[in-house]
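K.L.:
Quick one: this structure, given as structure tokens, is what I'll be asking you about.
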Amino acid sequence: PKGYKIHLDFKNNFILEESPECNYDYLEIRDGPFGYSPLLKRHCGRDFPPFYLSSSRYLWLRFKTDDNVHKKGFHATYSYQKDESSKFSKDPRKAVCRIFINAKTNDGIISEEDIPTSVMSIIKRSRTKVPIDCTWEIRAPPDSHVQLSPVSIELTRSGECNLNYMSFYKPTTILEAMSAKYCDGRKVVPVSSDRNRIFLRVFSKTIYLMPKFKFLYTVFRNGECSENEFSCDERCLHKSLKCNKNVNCKDSTDENSCNSPSGRFHSLF
């Protein structure tokens, strides 16, 4: 819950397959909500974990096994601990920026304006130069997929990845799931999810370098199209997306032969 930290306590046993660098069976613990949040430690073998206390309301755990060697495993309990620090809500380093988009409509726009005002106000009040690291999770209905298409992108320091970038992850935020990373807005191309969700991570070293962008998300299905859908790019899109002034098909065929004026959003390609 908000205003609390997570206390993680391992009990009784911790026995996993042992390897020099925990390459096979391991438990990975990160301080934050994502698979790229700061790594606390990767445990394996009989490396009994200590008590862990998160710096925010999130801890991220990942257990991985290769199924070759079976051990007893582990047991842990978690509890919530009230954060009594008066600076809890003012420390920009603890301002977790996470935006969840439940794609109930067939398309929509995401942009830097989605960043919560609570996060931006903390960063603006800070006298230190802290990075902005925000992640959008766009989730479609089950058995559907999501396409993110760039509408407009402005990276303040184009080509300088250490200062600003945007990256895409699917279907999780583990480092191996990063499908693309861009430091030049002119090179961004549409990205589609393998399942029903996709993540967009936007990073800037300071608030002054925060990228300005708009992405159009489009919900689609694979397989045979129903009577309420039309086909484009070998995908099935809802009929409401045809001639809706948004380019939902990568080849723009959904906006061809429309009587209405040209769309308010234009493909970059």
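K.L.:
Which residues, taken from the range 210-225, are aliphatic (A, V, I, L, M) and under 17 Å from LEU241 (Cα atoms)?
P.N.:
Answer for the range 210-225, where residues must be aliphatic (A, V, I, L, M) and under 17 Å from LEU241 (Cα atoms): LEU216, VAL219.
K.L.:
Additional query: Could you tell me which of the residues SER152, SER193 is touching a strand residue (DSSP E or B) at 6+ places or on another chain (Cβ under 6 Å), touching a residue at least 24 places away in the same chain (Cβ under 8 Å) and surrounded by 17 or more Cβ atoms within 10 Å (Cβ to Cβ)?
P.N.:
Among SER152, SER193, only SER193 is touching a strand residue (DSSP E or B) at 6+ places or on another chain (Cβ under 6 Å), touching a residue at least 24 places away in the same chain (Cβ under 8 Å) and surrounded by 17 or more Cβ atoms within 10 Å (Cβ to Cβ).
K.L.:
How many residues are in contact with a strand residue (DSSP E or B) (Cβ under 7 Å, 6 or more places away or on another chain) and closer than 21 Å to ASP133 by Cβ when one looks only at the range 4-40?
P.N.:
Result for the range 4-40: 14.
K.L.:
May I pose another question? Restricting attention to strands (runs of 3 or more DSSP E) lying wholly within the range 34-87, give those where 1 or more residues are surrounded by fewer than 11 Cβ atoms within 10 Å (Cβ to Cβ) and either among the aromatic types (Phe, Trp, Tyr) or modelled with pLDDT of 90 or more (or both). Show your work before the answer.
P.N.:
Numbers: elements: 39-43, 60-64, 73-82.
Of the strands (runs of 3 or more DSSP E) lying wholly inside the range 34-87, those with at least 1 residues that are surrounded by fewer than 11 Cβ atoms within 10 Å (Cβ to Cβ) and either among the aromatic types (Phe, Trp, Tyr) or modelled with pLDDT of 90 or more (or both) span 73-82.
K.L.:
Only residues in the range 164-185 that are farther than 9 Å from GLY35 by Cβ count as the first member; pair them with residues that are of a type in the set (Gly, Ala, Ser) and part of a helix (DSSP H, G or I), Cβ under 7 angstrom, at least 6 apart or cross-chain, and list the lot.
P.N.:
Close Cβ pairs (under 7 Å, with a partner that is of a type in the set (Gly, Ala, Ser) and part of a helix (DSSP H, G or I)) amount to LYS170/ALA177; PRO171/ALA177.
K.L.:
Show the residue pairs that are 6+ apart or on different chains and have beta-carbon atoms under 8 Å apart, the first residue being within the range 1-25 and exposed (fewer than 12 other Cβ atoms within 10 Å of the Cβ), the second being assigned to a loop (DSSP other than H, G, I, E, B).
P.N.:
Short answer, once both residue conditions are applied: PRO1/ARG57; LYS2/ARG57; GLY3/ARG57; GLY3/ASP83; GLY3/PHE88.
K.L.:
Among the candidates THR135, THR172, single out the residue that is assigned to a strand (DSSP E or B) and outside the structural domain of LEU39 (by the TED database).
P.N.:
When all the criteria are applied, what remains is THR135.
K.L.:
May I ask you to say which residue of CYS243, CYS232 is over 27 Å from CYS134 (Cα atoms), buried (at least 17 other Cβ atoms within 10 Å of the Cβ), in the same structural domain as THR173 (by the TED database) and touching a Ser or Thr at 6+ places or on another chain (Cβ under 7 Å)?
P.N.:
CYS232
K.L.:
Still on this structure: Using the structure shown, decide if TYR58 is aromatic (Phe, Trp, Tyr) and under 24 Å from the mean Cα position of the chain (by Cα).
P.N.:
In short, yes.
K.L.:
Now a separate question. I need the full set of residues from the range 139-194 which are basic (Lys, Arg) and at pLDDT 95 or above, in order please.
P.N.:
Matches in the range 139-194: ARG139, LYS170, LYS181.
The values are calculated or read from the model by the stated rules, or taken from the named source; none is laboratory data. No experiment lies behind these values; they were computed from the predicted model shown. In this analysis, Cβ positions are derived from the backbone assuming ideal geometry, glycine residues included, and neighbour counts consider all displayed protein chains.
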